[in-house]
Amino acid sequence: METESTNVCKMCYMNISPKAKKCPYCQHFQNKWSMVVFHPLFAVIPMVIVFAAMGTMFQTTFSEGEPFSLHSNAVSAVETKMVFGVSGCEHQSPTVAILGKIQNDSPVSWEDVKIEATFFDEDGTLIDATQKEKYSFMVASKDASTFKLSFKREFPEEQYDSFKVRIISAKDEKKRF
């Protein structure tokens with residue numbers, strides 16, 4: 001009669017099959033490799049890594065980038081001038097335009113730059129204003145870009161004595177969505 005050889009469980013000392021990786025009585029792993037491979041953390045750690053990677057990708061994808069308010073002092077309109085003209089062939093609508101450059105001294109490249117121009121008479125009274133977001137201006141970091149604000153004027157050319165141009169907002173060029 002053949003007797004089957006048995007091993008003794010290292011935890012509960014019961015006789016178990018030599019092929020058993022885990023004791024059927026106390027559920028204790030019989031060797032260290034089995035203990036590592038079949039341990040619940042062995043399955044949880046890769047899932048944590050995957051979720052962390054997905055979180056990083058999600059944050060990067062939907063990031064708004066640098067807020068413009070932190071860099072607004074480093075972005076300004078320079079070399080600006082006011083010009084008058086007539087647009088269109090039929091109606092000969094009088095226009096006023098501001099030409100200039102947007103100087104970006106910040107470390108961030110900006111896009112969708114929104115520009116505002118305000119116009120004053122000789123007494124310094126506000127007489128007209130415009131904002132431009134129709135075009136997608138892009139200003140690279142430590143660089144300048146030209147712009148033109150043009151619109152139908154409401155008053156005679158003589159009333160437009162002075163103007164101010166300011167950058168209202170912009171979006172980080174590296175933002176995703």
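The values are calculated or read from the model by the stated rules, or taken from the named source; none is laboratory data. Given the structure is predicted, the values throughout are model-derived calculations rather than measurements. Note that we place each Cβ from the backbone using ideal geometry, even for glycine, and neighbour counts take in every protein chain shown.
Do you know which residues across region 8-52 are among the aliphatic types (A, V, I, L, M) and not in a helix (DSSP H, G or I)?
Listed by number, the residues that qualify are V8, M11, M14, I16, A20.
Matching residues to (1) modelled with pLDDT of 75 or more; (2) within 30 Å of M11 (Cα to Cα); (3) touching a helix residue (DSSP H, G or I) at 6+ places or on another chain (Cβ under 9 Å):
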| residue | (1), (2), (3) |
| --- | --- |
| C26 | yes, yes, no |
| S34 | no, yes, no |
| V37 | no, yes, no |
| L41 | yes, yes, no |
| I49 | yes, no, no |
| A53 | yes, no, no |
| T56 | yes, no, no |
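Looking at F84 and the list (1) under 30 Å from A117 (Cα atoms); (2) assigned to a helix (DSSP H, G or I), which single condition is not satisfied?
Unmet for F84, out of (1) under 30 Å from A117 (Cα atoms); (2) assigned to a helix (DSSP H, G or I): (2).
Does any residue of region 126-146 turn out to be at pLDDT below 90, more than 18 Å from V96 (Cβ to Cβ) and of a type in the set (G, A, S)?
For region 126-146, residues at pLDDT below 90, more than 18 Å from V96 (Cβ to Cβ) and of a type in the set (G, A, S): present.
Taking region 53-79 as the search range and keeping residues that are part of a strand (DSSP E or B) and of a type outside the set (A, V, I, L, M), which one is farthest from W110 (Cα to Cα)?
The residue in question is E79.
Mind checking which residues of region 145-177 are hydrophobic (A, V, I, L, M, F, W, C) and either touching a Cys at 6+ places or on another chain (Cβ under 8 Å) or more than 18 Å from D105 (Cβ to Cβ) (or both)?
L149, F151, F155, F163, F177
Which ones in region 148-167 are surrounded by 14 or more Cβ atoms within 10 Å (Cβ to Cβ) and modelled with pLDDT under 90?
Listed by number, the residues that qualify are L149, S150, F151, R153.
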